[in-house]
Amino acid sequence: MNENIKVYEEGASFYAKLRNMNLQSLKLGSEVVYNMICFAAEAFLSALLLKYNEELEHGSVSAMLKSASRHINFPSHLMEEARFINRFHTWCALDYIPSKQASPEELKRMIFCVAEIMEVVKGDLIQDK
């Protein structure tokens, strides 16, 4: 199996867990869900970038989406959604900046973004089979 398909399936596994979560009563907290959202998005985008032999740089969802957009067309609104996801990222810094907690509605919005990324990437990966 191609490495990019394995990476895609890893993202699909995270997404399947996200899709079945009750976002109103999170046992592990919104930060854990947020990290799963990022893992899923990064896996889908990494799979696509691997297909095109592009060097992977994990910085933010929007940076990866921008790189992936050089190879296939994503719906234009996804960049705005990816930037929305980035707002909750905790960056390594010398000064402590408290992380922003995502509400259930914000998490749901992020999961919809991941679903759209997944579908676009899936379409591109499947056409090669």
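Just to be sure, is residue 112 at pLDDT 95 or above, part of a loop (DSSP other than H, G, I, E, B) and within 30 Å of residue 2 (Cα to Cα)? I'd like the intermediate steps shown before the answer.
Working: at pLDDT 95 or above: yes; part of a loop (DSSP other than H, G, I, E, B): no; within 30 Å of residue 2 (Cα to Cα): yes.
It is false that residue 112 is at pLDDT 95 or above, part of a loop (DSSP other than H, G, I, E, B) and within 30 Å of residue 2 (Cα to Cα).
The requirement of being in a loop (DSSP other than H, G, I, E, B) and either under 17 Å from the mean Cα position of the chain (by Cα) or of a type in the set (D, E, K, R) (or both) is satisfied by residue 27.
Step by step: first the residues of region 87-102, then only those that are among the aromatic types (Phe, Trp, Tyr) and closer than 15 Å to residue 38 by Cβ, then the one that is modelled with the highest pLDDT. Which residue is that?
Restricting to residues being among the aromatic types (Phe, Trp, Tyr) and closer than 15 Å to residue 38 by Cβ, the top hit is 88.
Within region 28-52, the set of residues being small (Gly, Ala, Ser), under 15 Å from residue 89 (Cβ atoms) and either out of contact with any Asp or Glu (no Cβ under 9 Å at 6 or more places or on another chain) or free of Cβ contacts under 8 Å to residues at least 60 places away in the same chain (or both) comprises just one member, 41. Kindly check whether there is at least one residue in region 50-59 that is surrounded by 16 or more Cβ atoms within 10 Å (Cβ to Cβ) and under 20 Å from residue 12 (Cα atoms). The answer is yes, given that some residue of region 50-59 is surrounded by 16 or more Cβ atoms within 10 Å (Cβ to Cβ) and under 20 Å from residue 12 (Cα atoms).
Can you tell me how many residues in region 60-73 are part of a helix (DSSP H, G or I) and either surrounded by fewer than 21 Cβ atoms within 10 Å (Cβ to Cβ) or aromatic (Phe, Trp, Tyr) (or both)?
In the first step, residues of region 60-73 are kept if they are part of a helix (DSSP H, G or I); the result is 61-68.
If we keep only those that are either surrounded by fewer than 21 Cβ atoms within 10 Å (Cβ to Cβ) or aromatic (Phe, Trp, Tyr) (or both) as well, we get 62-63, 66-67.
Of the residues in region 60-73, 4 are part of a helix (DSSP H, G or I) and either surrounded by fewer than 21 Cβ atoms within 10 Å (Cβ to Cβ) or aromatic (Phe, Trp, Tyr) (or both).
What are the pairs, 6+ residues apart or on separate chains, where a residue within region 68-91 that is closer than 19 Å to residue 107 by Cα has its Cβ under 6 Å from a residue that is of a type outside the set (Lys, Arg) and surrounded by fewer than 14 Cβ atoms within 10 Å (Cβ to Cβ)? Every condition considered, the pairs that remain are 90/99.
Among the residues of region 6-24, those that are among the hydrophobic types (A, V, I, L, M, F, W, C) and assigned to a helix (DSSP H, G or I) comprise 7, 12, 14, 16, 18.
In region 116-123, is there at least one residue being small (Gly, Ala, Ser) and modelled with pLDDT of 95 or more? First the steps, then the outcome.
At the first step, the residues of region 116-123 found to be small (Gly, Ala, Ser) are 123.
Now restrict to residues that are modelled with pLDDT of 95 or more: none.
For region 116-123, residues small (Gly, Ala, Ser) and modelled with pLDDT of 95 or more: absent.
The values are calculated or read from the model by the stated rules, or taken from the named source; none is laboratory data. Predicted model, so just to flag it, every value in this text is computed and none were measured. Every residue, glycine as well, gets a Cβ built from its backbone with ideal geometry; the counts of neighbours run over all protein chains shown.
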